[in-house]
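**Q** Handing you a structure now.
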Amino acid sequence: MSNYIKKIAVFTGTRAEYGLLYWLLKDFQADDNFHLQLIVTGSHLSPEFGETWKQIEDDGFKISKKVEMLLSSNSALGVVKSMGLGMIGFADVLETLKPDLVVVLGDRYEALAMAQTAFVMNIPIAHLHGGERTDGAYDDAIRHAITKFATLHFSAAEPYRKRIIQMGENPERVFNVGALGLEHLSRMEFLSRVDCAKALNFNLVDPFFLCTYHPETLSNKKTISSFEAIMSALEDYPEYQLVITYPNADNESHSIIKFLNEYQVKNAKRLCVKKSLGSKLYLSLMKHAIAVIGNSSSGIIEAPAFEIPTINIGSRQNGRLSAASILHCEPDVEQIKTAIQKLKSSDFMHNARKASLPYGRGNSSKEIIEVLKSLKSIPVKSFYDLEFKL
């Protein structure tokens, strides 16, 4: 192996992103050719969102640096100020750690703040899960912006690899390795339904839906109105219990959290609300659920691999490749109820189990590490023009 890349700083700012990075982190940690530097920030450090940095340490990782950046705010202004705080903290951290490469996944504003900082400090960036589309959130533009800061790209599907190249990235630095989250299917030991109930401290006796709904940051519709429509539709199906996780730390997330906490008091036997579940419990619950409901990317990428149907609500995930097991609808009571009725049909469930999967083979970490080991250098970034006539 080339000694060109030795110190690898991996960035995580949310529970979902960390869940996708888990096996890559494990493989970096186990490989003597690399020195893993783990930078933890954002909602990981927030009591309001479950202080999930503790789970990271429980998983056996040493956190190199923590950066406080998340303001307790419910507005776009608060998000922007949080980004500013993040960049100040990240500059100090990168100056101290001096990594050879920064690894950033996805499309969050926390990740954009890190990418901007590393780019200006002339530290190469490897971007995971670029080239995707999520038209209903500003995450979409953030993802593409990170692509332009990054030098190495690891996409989750071939159409995404092509889109990264379309944005002016050299094909020699763009690799389709599949979705990292699919590695859990072959490498994780899942909990039984009984053990899930114990971990939740909840009497999980009936069929249940696993739900997560994040704010649509580009929608003109109030987030709470959309979420109330979802809950109203689900009230017509009392035979199903609900396990619901908190939303991301986005604009208007506080309104969902307030509603959930008040709703749980009145529906304690049917509803289990958790700030964060951790990857193992979350995916174990997915494996046992009747369906995933909401607008989380896990319903688009991981759920089909479990042969579990998804009701994807609203526009947040518009543009992502979708398997046949995914039902799309608007945050409208009647549309959601129609979708629930459809997923209850035996024909749909049969087709859901046979749905083709667009997101790879579940060996992403190995492929990423092989690429990094093969590098003798990281070339200076330049714009790659597709062939065209002036």
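**Q** Would it be correct to say that Ser296 is of a type in the set (S, T, N, Q) and touching a residue at least 60 places away in the same chain (Cβ under 8 Å)?
**A** Here the answer is yes, as Ser296 does meet what is asked.
**Q** Follow-up question, since we're still on this one. Could you tell me how many of the residues in the range 70-95 are touching a strand residue (DSSP E or B) at 6+ places or on another chain (Cβ under 7 Å) and over 26 Å from Trp23 (Cα atoms)?
**A** Within the range 70-95, residues that are touching a strand residue (DSSP E or B) at 6+ places or on another chain (Cβ under 7 Å) and over 26 Å from Trp23 (Cα atoms) number 1.
**Q** Among the residues of the range 348-362, write down those that are buried (at least 17 other Cβ atoms within 10 Å of the Cβ) and under 19 Å from Glu183 (Cβ atoms).
**A** Answer for the range 348-362, where residues must be buried (at least 17 other Cβ atoms within 10 Å of the Cβ) and under 19 Å from Glu183 (Cβ atoms): Leu357, Pro358, Tyr359, Gly360, Gly362.
**Q** Would you check if there is a residue in the range 184-197 being in contact with a strand residue (DSSP E or B) (Cβ under 7 Å, 6 or more places away or on another chain), of a type outside the set (Lys, Arg), more than 19 Å from Ala305 (Cα to Cα) and modelled with pLDDT of 95 or more? It would help to see each step written out before you state the result.
**A** Residues of the range 184-197 in contact with a strand residue (DSSP E or B) (Cβ under 7 Å, 6 or more places away or on another chain): none.
The answer is no, given that none of the residues of the range 184-197 is in contact with a strand residue (DSSP E or B) (Cβ under 7 Å, 6 or more places away or on another chain), of a type outside the set (Lys, Arg), more than 19 Å from Ala305 (Cα to Cα) and modelled with pLDDT of 95 or more.
**Q** Pairs needed: first member in the range 337-360, in contact (Cβ under 8 Å) with a residue 40 or more places away in the chain; second member anywhere, of a type in the set (Val, Ile, Thr); C-beta distance under 8 Å; at least 6 residues apart or different chains.
**A** Ile340/Ile311; Leu343/Ile290; Leu343/Ile311; Ala352/Ile308; Tyr359/Ile301; Gly360/Val177
**Q** Listed residues Ala150, Ala126, Ala115, Ala111; which is more than 16 Å from Ile378 (Cβ to Cβ) and in the same structural domain as Phe175 (by TED's automatic domain parsing)?
**A** Only one candidate qualifies: Ala111.
The values are calculated or read from the model by the stated rules, or taken from the named source; none is laboratory data. A quick note: this is a predicted structure, and the numbers were derived from the prediction, not measured. With ideal geometry, Cβ positions are generated from the backbone for all residues, glycine too; neighbour counts draw on all protein chains shown.
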